[in-house]
1. Could you check segment 287-327 and list, in sequence order, the residues that are assigned to a strand (DSSP E or B) and free of Cβ contacts under 8 Å to residues at least 12 places away in the same chain?
2. Six or more apart or on different chains, Cβ under 6 Å: which pairs go from a residue in segment 229-257 that's β-branched (Val, Ile, Thr) to one that's open to solvent by less than 20 Å² (accessible area, probe 1.4 Å) and in a loop (DSSP other than H, G, I, E, B)? Could you list them?
3. When residues of segment 138-157 are filtered for being under 17 Å from Ile180 (Cα atoms) and surrounded by fewer than 22 Cβ atoms within 10 Å (Cβ to Cβ), how many remain?
4. Considering segment 197-238 alone, what residues qualify as being assigned to a helix (DSSP H, G or I) and either open to solvent by less than 60 Å² (accessible area, probe 1.4 Å) or in contact with a strand residue (DSSP E or B) (Cβ under 6 Å, 6 or more places away or on another chain) (or both)?
5. Leu57 is checked against (1) out of contact with any helix residue (DSSP H, G or I) (no Cβ under 6 Å at 6 or more places or on another chain); (2) under 30 Å from Ala131 (Cβ atoms); (3) modelled with pLDDT of 95 or more; (4) open to solvent by less than 50 Å² (accessible area, probe 1.4 Å) and fails just one. What number does that condition carry?
6. Just the residues that are of a type in the set (Gly, Ala, Ser), at pLDDT 95 or above and within 14 Å of the ligand (Cβ to nearest atom), please, taken from segment 104-151.
7. Keeping to segment 246-299, report how many residues are within 16 Å of the chain's Cα centre (by Cα), over 26 Å from Pro74 (Cβ atoms) and either surrounded by fewer than 22 Cβ atoms within 10 Å (Cβ to Cβ) or within 14 Å of the ligand (Cβ to nearest atom) (or both).
Amino acid sequence: MLTAASAAAGLILPTGGMAVAQAASTASSTAQAQSGNAEGNVGYYRLSVGDISATVLSDGLIGGPPRIYASNAPEAELEEVLRQAFLPTDRLTLNLNTLLIETNGRRILLEAGAGQTMGPQGGRLFENLAAIGLRPEDIDVVVVSHTHPDHVGNLRTTDGGKAFPRATVFAPRADWDFFIRNDPDLSYMPVPEDFRRHFAAAIRRSVEPVTHGIELYEAGAEIVPGLTTLPALGHTPGMANFLVHSGNDQLLLTADLAYHPLVNIDHAWLPGPDRDKDTALASRRRIFDMAAADRLPVLGFHFPFPGIGRMLKTDTGYAWVPANWQF
Ligand SMILES: [Zn+2]
């Protein structure tokens, strides 16, 4: 994902050409969203998968120019799709839906979240953890789907220590080789060079406290009974999806196969940050087909909170169907 604070100024598309009425409505909707409720809303959502209890824990928001997440969309069509969805046309907001699962006496966090690595609206994970009565030291295992900053950012405390002091951290081996063991060539990213440097540095800085003792996995491996990783390569060299399963129940976590259901599912535009776009597209189709055929509940890491729904196969592709809120 792509929206470091340093990029926020440089990457936002200019709004000078926008119609006055639309600029005004964007500004007012933004103000409304920000002021919405002075007390705020909860950032956690409980569910269960068979015998496994699970909680979506929000780490907040990131975002950026819509073009980054829909790299091959015709400009006018992209704007129209956003407008019809009552979304701003100059910035697409993405959520950070980490998932805590509790199984066999262990607490396992799936994705660490962004922290402040990609802008000031991330980093809510710890307050949401506290809201369900847990501290960082209560986490036994952290598994990341890939090592982009918005998935590893919270591994490091502000003073450089381990944010989850007791946790064993699992990361995909191919990502570790590409981003951390080597100097990654990020020229495929449709962003300025200084953004790429910031991005690579944020990854190395975030994982530095956990480098000693890191557990590297191959996508496809079972991490613990009830948690299997699935290869979902292309976005990064090693990206995995997660399948949480217990009895007949399953929950599929699609990581960054899609950033926002509107532009990557309902419209099948390609995320700009996909390193190998053909491989990523093949992964997306294979996993979306499986999700649709098996009617799997799906959690999208970047989808509107809590990010849970199902994938519907349509005549032309797929459609995202959000799940009803469960009390
Ligand atoms: Zn991401």
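1. If the condition is that a residue be assigned to a strand (DSSP E or B) and free of Cβ contacts under 8 Å to residues at least 12 places away in the same chain, then no residue fits.
2. These pairs meet every condition: Thr236/His146; Thr254/Gly300.
3. 1
4. Phe199, Ala200, Ala201, Ala202, Ile203, Ser206, Val207, Pro209, Val210
5. Every condition holds for Leu57 apart from (1).
6. Initially, segment 104-151 is screened for residues of a type in the set (Gly, Ala, Ser), giving 105, 112-115, 119, 122-123, 130-131, 133, 145.
Next cut, at pLDDT 95 or above only: 105, 112-115, 122-123, 130-131, 133, 145.
Hits for segment 104-151 are Ala112, Gly113, Ala114, Gly115, Gly122, Ser145.
7. Total meeting the criteria: 3.
The values are calculated or read from the model by the stated rules, or taken from the named source; none is laboratory data. Remember, it's a predicted structure, so these values are computed and weren't measured experimentally. Note: ideal-geometry Cβ built from the backbone for every residue, glycine included; neighbour counts use all protein chains shown. Areas reflect the complete protein model, heavy atoms only, side chains present, ligands, DNA and RNA absent. Shrake-Rupley method; radii C 1.70, N 1.55, O 1.52, S 1.80 Å.
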